[in-house]
Amino acid sequence: MKNYLILFLAFLGLASCNKNSLNITPSNELSDATVWNTPATAQLFFNDIYNKLNAGPFGSNSYHLPSEISNDPLECYTDNACYGPEAGNESFLLFDPDSYGPANDLFNPQWSNMYTDIRKCNLAIQKVTASSFPDATKKGMIAQARFLRAYFYKQLIDLYGGVPLITTVLDNTTQGSAIFYPRNSYADCVTFIQTECAAAAADLPQKVTGTSIGYATWGAAMALKGEEELYAGKWSDAATTNQAIMTSALYSLFPDYTGLFYANNDDNQEVLFDIQFAANIAAGAASTPQTKNIQQTWGVPGVAKGQGWGGNGPTQNLVDQYEYLDGKTAAGGSALYDPTQPYAHLDKRFYSTIIYDGSTWRGGIVYTRLGIANNANQINVVNVQGNAGRTGYFVKKYMDSTLVTSASTKLDGTNYMVWRYAEVLLNYAEAKNEVSGPDQSIYDAVNLVRKRAGLPNLTTGLSQVTMRTAIQHERRIELAFEGKYFYDIMRWKTAASIFAQPIYGMEVTTLGGKLVYTKVQIRKVNFDATKNYLQPIPQAVLDQNSKITQNPNY
């Protein structure tokens, strides 16, 4: 049920109530007093917070509702993807030339948006605590608020490092300058998230059903905790938390990787927490509504009548990382690699994730090759503006290939999975390997993920270093286009070496009746390792609060 995206529409006007207005509540609004009268009306407040969830940060030019499914997603800030030939995206204008800073940061709305949502969580905790609700209801609602608050803080510290930890409702009219806090240390923030998630997990249900689907559960709180512990390098804690999820037996892998990302399989046994996403929901001003439309931002321009922008094109750098069914890449000497048919016999996840030259897609065949007249899908190497991909590939993941080719059904309503069981397995494997080196439990976790992809088990006898490389590789493939890889290369501190290399697409031509595949450079990123592993604190924040210090070298 994509319930809270719709129910929150009933919650109007609360944030902007004017205490000086006549004491009459319009029929389409709830007063502050009314909203906390009953658990049912209070839940509308929570629905509004849930509706603000995003899987990742976004820039001011992004059409970014409801999640990381945007026209400029985090994957475009890695070597996995390239922006489309469209103007205004921060990945193109600011990230590639390394021209971003405090006054022109990449994810401008993120700081203010997260603190707005954190304040709502603080208010919810305050109001529910003071309410006359039954104790069990109070505990559940406060647990939801603590989980959501931890989620929003995670969105901040993963980008900026330490941030001010604010757990009360601030009011500048009564508190004046006391509302301005200095930054807490990154370690303090991580500990705070661990504590909040542990407390929330204790009071959240293990499962939800019916109209409660989409609300936080024990598994969601544990997944948030375990991921942040992993990101912070608290290896022992991360291994313990993720192992607890594994031994709970509440989750398992969905058998079909392709179907995992179809709307008719939403909220299946692999999902620990997802952002409820209903297609055809309009957002933005009434005069300029923007529909939540992954088909438009990521879609193939010339098939399915979606007139997609091709705005998140997979790169050859990513394609080269897919193993063939013998467990080796082309560069690794796979016997199955044929340079005249490079897309045959690959990892099943390749065909679930990427549309390539010759793919069947929604009733048509996608050709990215040169030489076909009026071909909207032809690779756009020179970045001429218009709806066309730049890499020779398009994203398939999160778009349902079974939808018919009509404009009325071009939208995909798949929920955005923030955490799923495959990631838990890989989180555990990475953390446990850092604690003690390879053991059988690590092999078992990784091999379970690989088995679904049709790949052989990992080679036995790996060292801690070679196992680390294998796990990092597996995360890149399994979680491609899910908003994880950006944070991975930042925490692994591999971004500098990655961006020292060109980013390639694939140009396909015909010579003598045969297809010829040629890598072409499409992108180069300038990355400064002395500062770019953290984002700059926005200048507006510094101007407002003199207690905030800037990240190094900005």
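Summary of values
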item: Neighbours by Cβ (under 7 Å, 6+ apart or cross-chain): first from the stretch 132-143, β-branched (Val, Ile, Thr); second at pLDDT 95 or above and part of a helix (DSSP H, G or I); result: Thr137/Pro39; Ile142/Ile125; Ile142/Val128; Ile142/Thr129
item: All positions within the stretch 374-409 that are touching a helix residue (DSSP H, G or I) at 6+ places or on another chain (Cβ under 8 Å), crowded, with 24+ Cβ neighbours inside 10 Å and at pLDDT below 85; result: Met399
item: Residues of the stretch 343-363 satisfying the condition of being surrounded by 19 or more Cβ atoms within 10 Å (Cβ to Cβ) and either of a type in the set (Phe, Trp, Tyr) or under 17 Å from Tyr504 (Cα atoms) (or both); result: Phe350, Ile354, Ile355, Tyr356, Asp357, Trp361
item: Selected residue (only one of Thr217, Thr211, Thr191 is free of Cβ contacts under 8 Å to residues at least 24 places away in the same chain and of a type outside the set (Phe, Trp, Tyr)); result: Thr191
item: Residue check, Leu370 in contact with an Asp or Glu (Cβ under 8 Å, 6 or more places away or on another chain), of a type outside the set (Phe, Trp, Tyr), closer than 21 Å to Phe261 by Cβ and at pLDDT below 95; result: no
item: Where Gln206 falls short, out of the listed (1) among the polar types (S, T, N, Q); (2) part of a helix (DSSP H, G or I); (3) touching a residue at least 12 places away in the same chain (Cβ under 8 Å); result: (2)
item: Pair list, Cβ < 8 Å and 6+ apart or interchain, from the stretch 99-114 residues that are over 17 Å from Leu74 (Cα atoms) to residues that are at pLDDT below 90 and not in a loop (DSSP other than H, G, I, E, B); result: none
item: Options Thr518, Thr530, Thr509; residue that is outside any loop (DSSP other than H, G, I, E, B), free of Cβ contacts under 8 Å to residues at least 40 places away in the same chain and loosely packed, with under 15 Cβ neighbours inside 10 Å; result: Thr518
item: Extreme residue, surrounded by the most Cβ atoms within 10 Å (Cβ to Cβ), among residues of the stretch 95-114 that are outside any loop (DSSP other than H, G, I, E, B), at pLDDT below 95 and in contact with a Phe, Trp or Tyr (Cβ under 8 Å, 6 or more places away or on another chain); result: Met114
item: Enumerated helices (runs of 4 or more DSSP H) restricted to the stretch 211-317, each holding at least 2 residues that are surrounded by 17 or more Cβ atoms within 10 Å (Cβ to Cβ), modelled with pLDDT of 95 or more and not basic (Lys, Arg); result: 218-231, 235-247
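The values are calculated or read from the model by the stated rules, or taken from the named source; none is laboratory data. The shown structure was predicted, so the numbers you read here are calculated from the model rather than taken from an experiment. Neighbour counts are summed over all protein chains in view; Cβ atoms, including those assigned to glycine, are modelled from backbone coordinates with ideal geometry.
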